[in-house]
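Chemist: Below: one structure in structure tokens.
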Amino acid sequence: MFTPSQQDVRRFFCETFRKYQANEILTPLEIIASDWIDQHKEYDSVLSDLETSLTTDYSMEQGNSNPFLHLSMHLSIAEQIKVDQPRGVRAAFDILTKKFSSTHEAHHEIMECLGEMIWNSQRNGLPPDGNAYIEALRKRVSS
């Protein structure tokens, strides 16, 4: 399993942004990332400054939202939907997309559930609970 460091993730998004802005050839993963970067123009100044990005503390305690975490979650959700893993995430995405008439808003709804699952996993020192994640998605779909 590939486990990039925080610095690796930040470099990936900054380099993808640079290549996208310069109309350079992107890898398949960079194409997906650039689509999400393009939908988050508020991150342009962060992504254009690699050195600052590498040293900025985006912790909640500092009151900063983390653009790299946000974009990473979009990538993770896109991959989950593509392979329907955990099973049911694609169906939930389809329903949420229709419900909100927006793939972006559907991603954000899923992101809330994914973030909660990750937070619970870290807080309890347990592996991520895919069943709890899907159950949270089902609740969002039905509300």
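The values are calculated or read from the model by the stated rules, or taken from the named source; none is laboratory data. Values in this document were obtained by computation on a predicted structure and should not be read as measured data. Note that each Cβ is placed from the backbone with ideal geometry, even for glycine, and that neighbours are counted across all protein chains shown. These accessible areas exclude ligands, DNA and RNA; they are computed on the full protein's heavy atoms, side chains included. Shrake-Rupley method; radii C 1.70, N 1.55, O 1.52, S 1.80 Å.
Chemist: Using alpha carbons only, how many degrees (0 to 90, rounded to 10) separate the axis of helix 67-83 from the longest principal axis of the chain?
Modeler: That helix lies at roughly 50 degrees to the long axis.
Chemist: Moving on. Quick one: angle between helix 89-100 and the longest Cα principal axis of the chain, in degrees between 0 and 90, rounded to 10, please.
Modeler: For 89-100 against the chain, the angle is about 80 degrees.
Chemist: What accessible surface, in Å², does a 1.4 Å probe find on Ile31, ignoring ligands, DNA and RNA and rounding to the nearest 10?
Modeler: 80 Å²
Chemist: I've got another one for you. Measure nothing but the geometry: give the 0 to 90° angle between the long axis through the Cα atoms of 28-38 and the longest principal axis through the Cα atoms of the chain, rounded to 10°.
Modeler: Relative to the chain, helix 28-38 is tipped by roughly 90 degrees.
Chemist: Apply 1/(1 + (r/R0)^6) to the Cβ-Cβ distance of Lys82 and Asn131, taking R0 = 22 Å, and write down the FRET efficiency to the nearest 0.05.
Modeler: About 0.60, to the nearest 0.05.
Chemist: Going Cα to Cα from Lys41, which lysines come in below 29 Å? Please leave out same-chain ones fewer than 8 positions away.
Modeler: Lys19, Lys82, Lys98, Lys99
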